[in-house]
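Notes follow the structure.
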Amino acid sequence: MTTRIVILGGGTGGTIAANRLRRLLRAKEAEIVVVDQDDRHVYQPGLLFVPFGLADPEELCRSRRAQLHDGIELLDCGIDHVELDASSVRLSDGRDLAYDILVVASGAVLVPEETDGLTGAGWGDVVHTFYSLEGAAALATALERFRGGRLVVNVVDMPIKCPVAPLEFCFLADWYFREREIRDRVELTYVTPLDGAFTKPVASRALAGLLDEKGVRLVTEFNTGTVDGAGGRLVSYDDREIPFDLAVVVPIHGGAPFVGASPGLGDELGFVPVDERTLQSKVRPNVFAIGDAAGVPTSKAGSVTHFEGEVLVENIRRRLAGEPLDASFDGHANCFIETGFGKALLIDFNYDTEPLPGHFPAGVGLPLLRESRFNHLGKLMFQWIYWHSLLPGRAIPGLGSAMPEHGKRHVEAP
Amino acid sequence: MPTATYADRTVEVNDEGFFVDPAQWTEEMAPEIAEAEGISQLSEDHWRVIKLMRAEYAEKGSGPSVRALGKTSGVSVKELYQLFPKGPAKLAAKIAGIPKPRGCI
Ligand SMILES: Cc1cc2nc3c(=O)[nH]c(=O)nc-3n(C[C@H](O)[C@H](O)[C@H](O)COP(=O)(O)OP(=O)(O)OC[C@H]3O[C@@H](n4cnc5c(N)ncnc54)[C@H](O)[C@@H]3O)c2cc1C
């Protein structure tokens, strides 16, 4: 009997896992089935550019099926829940799909309803988000109409996908309003629940410096309780208020709802607890998770998902061969941070090492934690790499799964 | 390493006042830590959260986030802010004698 590997979700992680597994395992060794609810694969990092008219929503979408290699089955169907005891997935059309190995790659979903008022009056009018394709497109129209006033960018709570994206939004907004020659009429404010611009001290200091340079006010430790669209204000749980004319909100994220509906599979937020080094579920040895769905203490990012892919696939091979797992995932994340005016910053970090200055991937390479045109080109190139190298599961030259130490300068945190 | 004295016992804390070793904590210390943070009386709801913080820490190696607390403690996020003003996850962790929650990246 052939082994059946079922992959839930055909986004970044599901596609990488399926393609890598298909190359590794012969057809008669394993059947690979991917389940996704639609056939629209969105290049999510591109969403950041849509509100500023720098990317066309249509061009960020491709067919999921076309990204999957031959010999991979794609079921175009919703997922209802997983029955861990029966090693079976109940699909939303009522069918049961049995598995030998399960990979949860269902990402994170936005849950704006969890914040008081967020989807109430003003939602889609003076309150927007760029974290979905539709949201980003609507925000493009709203920004175009914006003639001046208070623009507030708010992260409601962590974790979120790509935690640097809202900062990039601020940098680009500064650039955008300067281009339109109305920057002096726009007051930009970044409101975060964190105690600094970012989570890690050295990068946080650098990013706070950039906000300041670009005239973006930084409000920290603000835990948004209510978004009052009609009254034009954010209200925190400790009753602080921030008035706005236009709010760009990154809503609360949770795991896919079916995770919560699957007894034992997820944590309270719907993410799947896995060993942070092997990506194997903490409750079942034949279940793994990759990407935003995985409850591991690193960023929810495409680059992380890519690095996880290598370890995940090797561990599935080992599990099938009865060998001990490879505990080598180090939490590696690598993010370009668009800073406007054709420049970008690059940060590279893992579970143990925070983002440091220096060069990537070695002494000669892209400058780390410093604005440069090369990094901006790197960010643009990432889209090509995404469709042509990352999703097919090819190794990217010079970019292994483990974080490179060479070229980094260790500095004192403030 | 800085120390603090609660219920007549000296314990190790970090620069921000969080316990370094949760095993040094006893229930008698909680009211004193709370007092120093401006909470004069620990109610039943406070205790429910404190106990949950310790149980979560013992199980997972980190205290829960505010949102996770809101889902598991039976106390809503809004009430959590009333019980532990400014930052429920951080403040409750401090009073429960566990390290500062790792938070998210
Ligand atoms: C605005 C923005 C900017 C970003 N910028 C960057 C960046 O610059 N660099 C970077 O590295 N990363 C960036 N990211 C993050 C990156 O896009 C994600 O981390 C990555 O796509 C995660 O992949 P995934 O496979 O875990 O999830 P996804 O790619 O989201 O895939 C999850 C899939 O599961 C499917 N699914 C979920 N539930 C069900 C169900 N019940 N039934 C059937 N199917 C289901 C969904 O349809 C989806 O296709 C950004 C994200 C956003 C939103």
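For A:Ala136, state whether it is over 17 Å from the mean Cα position of the chain (by Cα), away from chain B (no Cβ under 14 Å) and under 30 Å from A:Ala294 (Cα atoms). So A:Ala136 fails the test. In the condition set (1) in contact with a Phe, Trp or Tyr (Cβ under 6 Å, 6 or more places away or on another chain); (2) modelled with pLDDT of 95 or more, A:Glu241 is compliant with all but (1).
Restricting the range A:348-369 to residues that are more than 30 Å from A:Asp275 (Cα to Cα) and surrounded by fewer than 16 Cβ atoms within 10 Å (Cβ to Cβ), which is modelled with the lowest pLDDT? This residue is A:Val364.
Here A:Ala108 fits the description: within 13 Å of the ligand (Cβ to nearest atom), within 14 Å of chain B (Cβ to nearest Cβ) and either on the phi < 0 side of the Ramachandran plot or in contact (Cβ under 8 Å) with a residue 24 or more places away in the chain (or both). Of all residues in the range A:25-37, exactly one satisfies the criterion of being loosely packed, with under 15 Cβ neighbours inside 10 Å and not charged (D, E, K, R), namely A:Ala27. Are any of the residues in the range A:12-23 without any contact (Cβ under 8 Å) to a residue 40 or more places away in the chain, surrounded by fewer than 24 Cβ atoms within 10 Å (Cβ to Cβ) and not aromatic (Phe, Trp, Tyr)? No, the range A:12-23 contains no residue that is without any contact (Cβ under 8 Å) to a residue 40 or more places away in the chain, surrounded by fewer than 24 Cβ atoms within 10 Å (Cβ to Cβ) and not aromatic (Phe, Trp, Tyr).
Among what's in the range A:245-278 and is away from chain B (no Cβ under 12 Å), of a type in the set (A, V, I, L, M, F, W, C) and more than 12 Å from the ligand (Cβ to nearest atom), pick the residue that is farthest from A:Phe329 (Cα to Cα). Checked the range A:245-278; the qualifying residue farthest from A:Phe329 (Cα to Cα) is A:Leu246.
The selection criterion, being crowded, with 21+ Cβ neighbours inside 10 Å, closer than 17 Å to A:Asp245 by Cβ and either assigned by TED's automatic domain parsing to the domain that holds A:Glu241 or within 17 Å of the chain's Cα centre (by Cα) (or both), holds for A:Cys170.
Tell me yes or no: at least one residue of the range A:298-313 is more than 25 Å from A:Arg20 (Cβ to Cβ) and not in a helix (DSSP H, G or I). No; the residues of the range A:298-313 include none that is more than 25 Å from A:Arg20 (Cβ to Cβ) and not in a helix (DSSP H, G or I). Does B:Ala30 satisfy the condition of being of a type outside the set (S, T, N, Q), farther than 21 Å from A:Pro297 by Cα and under 12 Å from the mean Cα position of the chain (by Cα)? Yes: the conditions hold for B:Ala30. With respect to A:Gly342, is the statement that it is away from the ligand (no atom under 15 Å from the Cβ) and more than 25 Å from A:Val42 (Cα to Cα) true? So A:Gly342 does not fit the description; no.
Can you tell me how many residues in the range A:293-311 are within 7 Å of the ligand (Cβ to nearest atom), more than 12 Å from chain B (Cβ to nearest Cβ) and either touching a residue at least 60 places away in the same chain (Cβ under 8 Å) or closer than 20 Å to A:Leu265 by Cα (or both)? Total meeting the criteria: 3.
The values are calculated or read from the model by the stated rules, or taken from the named source; none is laboratory data. Every value quoted in this text rests on a predicted model; they were computed, and no experiment measured them. Please note: Cβ atoms are built from the backbone with ideal geometry, for glycine as well, and neighbour counts cover all protein chains shown.
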